[in-house]
């Protein structure tokens, strides 16, 4: 005979609560990841417009003279 593990009602409720918490965190993580990707894409497009590469060393004074694209 196969022996099955049955969980009491209280334990099943705690599993449901844990699942709901994990799903909520997953949604938050996905939203944060999406926001981060949008920020990275925006910076990439700004660098392309200004013809600046990641390897260019730009001082803050020069950055201020470039215009509102670099200002947040």
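Quick look at the values:
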read-out	value
Residues that are touching a helix residue (DSSP H, G or I) at 6+ places or on another chain (Cβ under 9 Å) and either modelled with pLDDT of 90 or more or loosely packed, with under 10 Cβ neighbours inside 10 Å (or both), drawn from the range 59-72	71
Residue 34 vs. criteria part of a helix (DSSP H, G or I), modelled with pLDDT of 85 or more and more than 22 Å from the chain's Cα centre (by Cα)	no
In the range 43-58, the residues that are surrounded by 10 or more Cβ atoms within 10 Å (Cβ to Cβ) and either modelled with pLDDT of 90 or more or outside any helix (DSSP H, G or I) (or both)	45, 52, 56, 58
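The values are calculated or read from the model by the stated rules, or taken from the named source; none is laboratory data. Please read all numbers here as calculations on a predicted model, not as lab measurements. Don't worry about glycine lacking a Cβ; one is built from the backbone with ideal geometry, like all the others, and counts go over all protein chains shown.
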